[in-house]
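To start, the structure itself, in structure tokens.
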Amino acid sequence: MNLSDYADNALVDYEALCMALQNGPAIPVLKKALNGLRTELDRRFLLGEPVRNLVFGRAWAMDQLIHAAWQGFDWQHPDDIALIAVGGYGRGELLPRSDIDLLLLFSDELHIEANIEPIQAFLTLMWDIKLEVGHSVRTLQACQEEASNDVTVTTNLMESRTLAGHNALRLKASALISPAHIWPSDAFYKAKLNEQTHRHQKYNETEYNLEPNVKAGPGGLRDIQTITWVARRHFGDTDLGGLVERGFLTDAEYQALLDGQDYLWRIRYALHYFSGREEDRLLFDLQEQVAEQFGYQDREGQLAVEHLMQDYFRQVFRLRALNIMLLQLFDEAILHAAEDDHPVPVNSRFQVRNGYIETVDDQVFQRTPSALMEVFVLCAQTPEVKGIRATTLRQILANRHRIDGRFRQDLRNITFFMELLRSPAGVSTNLMRMNQYGLLGLYLPEFGRIVGQMQYDLFHVYTVDAHTLLTIRNLRRFRHANNTVEFPIATRIIHQLPKVELVYIAALYHDIGKGRGNDHSVEGAEEVRRFARRHRLTAWETDLVVWLVRNHLLMSMTAQRQDISDPEVINHFSQRVGDMHRLNYLYVLTVADIYATNPNLWNSWRASLLKKLYTESQRALRRGLENPVDKEERIEEYKSKALSLLKEDGFKESEILALWDNPGDDYFLRESPENIAWHTRAIANNGLNVPLVLIKETDEQSFAGATQIFIYAPDRPHLFADIAACIDQLELDIQDARIMTSSSSDFSLDTFIVLDENGHSLGNDSARLREVQRRLLMTLHNPEETATPNRRLSRRLKHFSMAPEITISNDPLNQRTVVEVITSDRPGLLADMGRAFKRLNLSLQSARISTLGERVEDVFFLVDDNNEPLHDPLRVAELQKHLTDIILEGQPQ
């Protein structure tokens, strides 16, 4: 690439610029030229100019501007000075807000000292005209020393161009940092590979983060640059074209890399243009503008932005596959070229060389298309295999078209796929490989539809296919003992499943119906039924995987949105599950699914909810569905246990029963015996009808991993709203609320389960606990001092606002009204809804609070002033309107 090919006086007229600098002050002249350059390039971008013209044209124009500015200074010993472009600017690539990386190179320290004043003046001028300049001032010796200590410095200096001064100096520097002196090509390759590995780990090893980094993320521009750097270091090639001549790239692969680079440059240009800064993340609030600029429209039930992101993800997917293949080829050429390796035969089609599996010749896949499936089974079942050799990977990519309808019905391929799922190791790794290389979506076309499909919210942080494969990876993690602390039940249950491959199949299909406009659980159940038929699953196996896909949300929704302290809820859930086999399969699938949806969702509180539901359902199933636990039996059991605990502390039974005369039955149903004893002990010691705030960690018998706050106070209007506002001011998030009012004394007995902003309990931080207790007591005594929380909306929350979904129904069994609210989250929302209930004279019995990304899914259990559910349609409509108005008032406009 020669920048002179992109010379364009319409961008910068060098001679006119030099004349203007002679006749006027430098800052306004250069600012005017710079602004004109930006305006013209932005105009061309909006009109659809090829992005290479913009990227290289900007670099050429910047050369002219900086060279003209350089000439205005009095440099001492100019033959011993060079102004050099390095890094991305050295490659001749400049995006609108990219840094201008400059090296001021001198032959020795004496020449630096002689030019201190012009150096400072030149750099000050660059900053004054608002150029984002990254600079270094070095001697030849310093360049070599710095580069030998830091591979990134070496990389920057490898990509250099002389802008002004003595070019021979740059050539000397290039010689000093050459592989003959520092960082030979094998060490350089290892360092860049390690650098890429750590960079990818920051993004969870997936291209599919929903706000991807176009520059640094997997499959991004940096992956293309890594290939170029390694090729330059080892072969001396200045661009990717040299790899075609050397046989490392085919013409089609080379064109795919150039097309991918152009695509990412266009995205990056748009990000810089619309954000007005060097923004390389495709943020939610920029995605809509980028989609509109590139002509995407809403269609086929998907938003324009979702089509943009699916194209983006599929593009970086292809680029990462090429990156993997080329780095493997470099590994063979650079690290193992001199080795006299002897392949170890595996069978008549495959052999292993240096830990990588390869075909015995380049016609294997033509002769035996089933080998396209077999190779992944061999990778999983051959411990010494580290991966697929690059030449074989190229053959796989070239033969993917052989996976057609006949291939999918071939019993050999069906057998290979099931054998992969049953393999003792390498299941998730090789499913990910199949997806990476485009085979999984061809073998399972229904899976191909979800490749790169994003879900435009903050709840799901990965695309559907990435989430699906992460779910399977989590299931595989449960098999290892080192995950026992984080997933104690799942790591035990996974080994009890009679056919573990069935939960992998359910995971593979649980979200496959998304994006079709219908219930994805129903769609997925039908798809997995067809899979089961094609893959010869038995009737029992088919029924199980279909049930799991159809009901994969059942456990999480029950745990998070229903009162699982209620035996009726447990009985109903257990009826739907039916037996322990299904419960075990459903539990591990649910945990793996939640953790793969968004790692931040998996906190100790959510884990404890699922544990509680699992253990209670296990008891119900062992007891027998025909013999369920009823409320009265549970209440008497809990009272008896609590009474025993209190007697151990010296309390008399008559004293205890007198205190228990106040709470209603619901209190004894929803609190654990340990909590009942804790509350009773504190009230007795503090005095009946005296406000009280207790705080401790949740106990293992009820829920673990959160902090519970018990509040005993006179009931009054707005009590829940005031408490919720105070808790929000304390920057705590309410996970669960149990609100009960004593029937005889009008005292409220409220329990709030809270976590801090990071999803953790408050632990043993005594100062923090005292502050929470003090603030809550102040709120009980002086409610007017409790202001509406003023926590600011995050950038992401501001971008997402959704129409509230409010469902109001009656629960005839428990004689209460159930209000389900799904809407955008914001600080103070819970307190505002609490005020709405009080305004309408509705009493809150309990609540389930769940925050999922940018949205809340809260469930409230209410009764009217007669302690009955709402029967009047007018009151129901009034409640719906109040809640809707409150929610919409607080949403960003």
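The values are calculated or read from the model by the stated rules, or taken from the named source; none is laboratory data. Remember, predicted model here, so these are calculated numbers, not experimental data. Heads up, the Cβs are rebuilt from the backbone with ideal geometry, glycines too, and the neighbour counts pull from every protein chain shown. Quick note on the areas: whole protein, heavy atoms, side chains included, nothing else; ligands and nucleic acids left out. Shrake-Rupley method; radii C 1.70, N 1.55, O 1.52, S 1.80 Å.
Assorted remarks:
- Pairing each residue of segment 44-62 that is closer than 23 Å to Leu17 by Cβ with any residue that is among the charged types (D, E, K, R) and part of a helix (DSSP H, G or I), provided the two are 6+ apart or on different chains, yields C-beta distances under 8 Å for Asn53/Arg44; Leu54/Arg44; Phe56/Asp5.
- Taken over segment 620-646, the criterion of being in a loop (DSSP other than H, G, I, E, B), without any contact (Cβ under 8 Å) to a residue 40 or more places away in the chain and of a type in the set (D, E, K, R) is satisfied by Glu626 alone.
- Here Ala380 passes the criteria (1) assigned to a helix (DSSP H, G or I); (2) closer than 23 Å to Arg533 by Cβ; (3) of a type outside the set (Val, Ile, Thr) except the one numbered (2).
- Total residues in segment 225-250, condition assigned to a helix (DSSP H, G or I) and either over 30 Å from Tyr296 (Cβ atoms) or β-branched (Val, Ile, Thr) (or both): 15
- Qualifying residue in segment 445-461 (condition: within 30 Å of His581 (Cβ to Cβ), touching a Gly at 6+ places or on another chain (Cβ under 7 Å) and modelled with pLDDT of 95 or more): yes
- Only helices (runs of 4 or more DSSP H) whose full extent lies in segment 517-612 are considered here, and the ones with at least 1 residues that are closer than 25 Å to Phe487 by Cβ, under 25 Å from the mean Cα position of the chain (by Cα) and in contact (Cβ under 8 Å) with a residue 60 or more places away in the chain are 554-561, 580-597.
- Lone qualifier among Leu621, Leu625 - being surrounded by fewer than 22 Cβ atoms within 10 Å (Cβ to Cβ), at pLDDT 90 or above, in contact with a Ser or Thr (Cβ under 7 Å, 6 or more places away or on another chain) and among the aliphatic types (A, V, I, L, M): Leu621
- Of all residues in segment 576-600, exactly one satisfies the criterion of being among the basic types (Lys, Arg) and under 18 Å from Thr491 (Cα atoms), namely Arg582.
- When segment 547-570 is limited to residues that are crowded, with 22+ Cβ neighbours inside 10 Å and at pLDDT 95 or above, the one that is nearest to Arg738 (Cα to Cα) turns out to be Met555.
- Put simply, of Leu335, Leu322 the only residue that is open to solvent by 40 Å² or more (accessible area, probe 1.4 Å) and in contact (Cβ under 8 Å) with a residue 40 or more places away in the chain is Leu335.
- Within segment 103-125, being assigned to a helix (DSSP H, G or I), without any contact (Cβ under 8 Å) to a residue 60 or more places away in the chain and of a type outside the set (Asp, Glu) holds for Leu110, His111, Ile112, Ala114, Ile116, Pro118, Ile119, Gln120, Ala121, Phe122, Leu123, Thr124.
- Within segment 151-168, considering residues that are not in a helix (DSSP H, G or I) and not hydrophobic (A, V, I, L, M, F, W, C), the one most open to solvent (accessible area, probe 1.4 Å): His166
- Positions within segment 186-226 being among the hydroxyl-bearing types (Ser, Thr, Tyr) and open to solvent by 30 Å² or more (accessible area, probe 1.4 Å), in sequence order: Thr197, Tyr203
- The residues in segment 67-118 that are β-branched (Val, Ile, Thr) and closer than 22 Å to Ile129 by Cα can be counted, and the count is 4.
- When segment 126-150 is filtered for residues that are part of a helix (DSSP H, G or I), open to solvent by less than 80 Å² (accessible area, probe 1.4 Å) and closer than 21 Å to Asp79 by Cβ, the ones remaining, listed by number, are Leu140, Ala142, Cys143, Gln144.
- Test: residue in segment 338-347 that is closer than 22 Å to Met432 by Cα and hydrophobic (A, V, I, L, M, F, W, C): no
- Of residues in segment 12-31 being out of contact with any Lys or Arg (no Cβ under 8 Å at 6 or more places or on another chain) and within 18 Å of Ile100 (Cα to Cα), the one most open to solvent (accessible area, probe 1.4 Å): Ile27
- Among (1) assigned to a helix (DSSP H, G or I); (2) over 23 Å from Val344 (Cα atoms); (3) open to solvent by 10 Å² or more (accessible area, probe 1.4 Å); (4) of a type in the set (Val, Ile, Thr) - the single one Thr429 does not satisfy: (2)
- Residue match in segment 265-278 (condition: open to solvent by 60 Å² or more (accessible area, probe 1.4 Å), in a helix (DSSP H, G or I), touching a residue at least 60 places away in the same chain (Cβ under 8 Å) and of a type in the set (Phe, Trp, Tyr)): yes
- Condition broken by Tyr437, with the remaining ones in (1) more than 23 Å from Val500 (Cβ to Cβ); (2) open to solvent by less than 10 Å² (accessible area, probe 1.4 Å) satisfied: (2)
- Scoring Phe376 on the criteria (1) touching a residue at least 40 places away in the same chain (Cβ under 8 Å); (2) touching a Ser or Thr at 6+ places or on another chain (Cβ under 8 Å); (3) of a type in the set (Phe, Trp, Tyr) leaves a single failure, condition (2).
- For the residues Gln735, Gln729, Gln815, Gln773, the requirement of being touching a Leu at 6+ places or on another chain (Cβ under 7 Å), open to solvent by 20 Å² or more (accessible area, probe 1.4 Å) and modelled with pLDDT of 75 or more singles out Gln735.
- Glu195 closer than 30 Å to Asn598 by Cα, acidic (Asp, Glu) and touching a residue at least 60 places away in the same chain (Cβ under 8 Å): no
- Scanning segment 156-189 for residues that are in contact (Cβ under 8 Å) with a residue 12 or more places away in the chain and over 30 Å from Pro118 (Cα atoms) turns up Pro179, His181, Ile182, Trp183, Ser185, Asp186, Phe188, Tyr189.
- Filtered by the rule that a residue be within 19 Å of Ala877 (Cα to Cα), free of Cβ contacts under 8 Å to residues at least 60 places away in the same chain and either acidic (Asp, Glu) or part of a strand (DSSP E or B) (or both), segment 802-835 gives Glu805, Thr807, Ser809, Asp811, Arg816, Thr817, Val818, Ile822.
- Filter result for Leu327 (open to solvent by less than 50 Å² (accessible area, probe 1.4 Å) and either part of a loop (DSSP other than H, G, I, E, B) or under 30 Å from Ile396 (Cα atoms) (or both)): yes
- Within segment 836-854, tally of residues that are touching a residue at least 60 places away in the same chain (Cβ under 8 Å) and either open to solvent by 40 Å² or more (accessible area, probe 1.4 Å) or touching a Gly at 6+ places or on another chain (Cβ under 6 Å) (or both): 3
- Top-ranked residue in segment 657-676 [being among the aliphatic types (A, V, I, L, M) and touching a Lys or Arg at 6+ places or on another chain (Cβ under 8 Å); ranked as farthest from Ile711 (Cα to Cα)]: Leu669
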